1. Over all distinct alpha-carbon pairs, what is the Kirkwood Rh of the range B:35-106 in angstrom?
2. If the viscosity is 1.306 mPa s and the temperature 10 °C, what Stokes-Einstein diffusion coefficient in µm²/s follows for the range B:227-360 when Rh is the Kirkwood radius over Cα pairs?
3. Over chain A, what is the percentage of antiparallel beta bridges among all DSSP beta bridges, to the nearest 5?
4. What whole-number value in cubic angstrom gives the convex hull volume per residue for the C-alpha atoms of chain A?
5. Considering protein heavy atoms only and a 1.4 Å probe radius, which residues within the range B:407-441 exhibit an accessible-area decrease of no less than 20 Å² in the full assembly relative to the chain by itself?
6. I'd like to verify something in chain B: which complete DSSP H helices, judged by Cα projection on the helix axis, reach 30 Å or more and average at least 0.5 on the Kyte-Doolittle scale?
7. Estimate the FRET efficiency between B:I296 and B:E86 by the formula 1/(1 + (r/R0)^6), using the beta-carbon distance for r and 41 Å for R0, to the nearest 0.05.
8. Which of rounded, prolate, oblate describes the range B:218-259, given a ≥ b ≥ c as roots of the alpha-carbon gyration tensor eigenvalues and a/c under 1.5 marking rounded, otherwise prolate only if a/b is larger than b/c?
Amino acid sequence: MESTIHMENIIKRYYIGKPNELQILNGISLDINDGEFVSIVGESGSGKSTLMNIIGVLDRQTEGGYFLDGIDVNKMSDDMRSNVRNEKIGFVFQNFNLLPRATALKNVMIPLMYGKKKQKDAKERAMEMLEMVGMADRAKHKPNELSGGQKQRVAIARAMINNPSIILADEPTGALDSKTGHMVMDIFHKLHEEQGKTIVLITHSQELASETQRIITLSDGNIIKVKAGEEDAI
Amino acid sequence: MLFENIKESLNSIRCNKMRSLLTMLGIIIGISAVITITTIGNSLRRTLSTTFNSLGANALYMYIMARYPESEEDYLNWEYPEMDKEDYVTDEDIEKIKELYPDAIEGIAVNNFLGAGKVSDSSDNYAKVAVQGCTKDYLKYMKVDIKLGRNITDADNKKCKVSCVVADKMASNYFKDENPIGKNIEIDMGDTGIFTFVIVGVYKYNPQMQGGSDEKNVPEKDRITPIYTSYNTVSKLNKEDNYGYENFTIILNPSSNIKDSSANVKLYFDEKYADNKDFQIESFDAASELEMIDNIINIVTIAISAIAAISLIVGGVGVMNIMLVSITERTKEIGIRMALGAKRKTIRVQFLIEAVIICLIGGLIGVTIGIVNGYLLGGIVKMAVQSAYEEYASYIIFNVQPSLTAINISLFFSMLTGVFFGYYPANKAAKMEVIDALRYE
């Protein structure tokens, strides 16, 4: 079976050619299959966020090959990379990254605005997404009128609106208390089980990681351990 | 997408009202200055052309003038020559022009003065009048309206008849309810003599008429009204040699091509005087004069507008400055948008539209202020001119009229300013790396 995400010897360096050159990823090779729920864990500074940015086509690796659905991301133009982010990947960030001036509904609709296809029923579709995360009644509220958990649910609705095959969640519960954190995790489980989404969860919480099918542990830019999570065990 | 962008930009402007207004200030000042100037210029041109037209755009004023010697030596021994019989323009010339160029002219307007005097009868009933001689076209040219009876005719002129046309005001004051037509009046002009005229017509009096007086401190009864008789009658009574006209106004046919007609008349007279060693003919024509003044006002308006438009550049730099600040401030937003799939060109277009909209709103505010300013200044100018030349107040019709062309050009240029000064910041936004923008705090 073809891997959705296939990485070969990914190296990421910063400040290249300068005295303070820094190597964050030391040759990561990784395969994530379609429909898998994987977590990447590690201490802060271990390179997990950098890895996620590369997986999410937000950043470019310095060396190595990255194939997304079999396509070499390195060979993509800027516009193609934008399209990949728009269509294939749904992002959920630790700090939500909602536009402060836009209402929840408008925030959810943003990816549709940048999509290739003209969406006639954009509003209906956005409402559907908000309903899915239980936020339909707050559609008209701006982010500063929502709690952290509510913001993250809006962000998940936004991530889902273009029906991406991959969801990348970077510490999605990091800014939330454990109760709302679990609520958000439940949504991910639901998306995984009911819609078969590939989910990559980045966290430093072993507890959350253990809910996933596979735990990839990073340390100093290397994968030090890959272990099946509880979900798989069950 | 465009609509979305416009909505987005308006939203962003609304969120930063004060800053947006300050950004627009340069544009507002520039555009309002341009519009104020062009409004005044445009109004001035319109006023002049209506005033000129009411004074007779179809009039060609001509006068006979001596030929000056060309060399300086000759000039020292030169004396202004006496006019001989053949040096004058006569009614025959007018007839010839009418034959040569049918429909080119309506006639010739000339007037001369006999003097002022008093009409009185046995009781102490009297009226003060001033007697002028004129051709039949003169009254038409001066827009003198005959209410009763008839105008002065060519026959009156040829036979030096003592027929006259009096003012309705004079007629009602002096003759009361009697019909003045056919009545004889005796005018006592002191040293000049006593003259008798027969009234053949009554015209509608207008206080602005030449020869009349309408001073406020003079009692109604003592105000002088003009009496018109024929030109030849007056020169005969003045005991002048009447060979023809020395200065006169040719009335061109307004339904003909004024320029061609005017050129034809000039050509006729130039030929007539071509062989005349002592005299030549000069002309002054309102239409070409107006055209010249019009051009001058136009050039001045454009020049001042161009200077005012320099502030558009200053305004544009202001817009660029604020857009740069805005983009730095919204780096995170740009990052989020890019992460969610916005292409570089989408970001560029978004900020470009925002800059254009800021400039366009500034332009619209500027146009509004400019028009208001134009009306205010126009009102002040009108008041100033009318109080300075009270007697001409009714002639000066100062209609403030904003120039539509100037408004369109101004709005176009404010948009252009937006594009020009918005491009650099927008491009800067578009060139951001998505991950750097997203991480920006």
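The values are calculated or read from the model by the stated rules, or taken from the named source; none is laboratory data. Just so it is clear, the model here is predicted, and its values are computed rather than measured. FYI the Cβ positions are ideal-geometry reconstructions off the backbone, even for glycines, and counts take in every protein chain you see. When the accessible area is computed, the model is the full protein with side chains, heavy atoms only, and any ligands, DNA or RNA have been set aside. Shrake-Rupley method; radii C 1.70, N 1.55, O 1.52, S 1.80 Å.
1. 17.1
2. 70
3. On the way: 22 of 41 bridges.
So the antiparallel bridges amount to about 55 percent of the total.
4. Numbers: hull volume 31.9 nm³, N = 234.
It comes to 136 Å³ per residue, whole-number rounded.
5. So the qualifying set is B:V434, B:I435, B:L438, B:R439.
6. Qualifying helices: B:17-54, B:286-329, B:344-388, B:404-430.
7. 0.55
8. Verdict is oblate for the range B:218-259.
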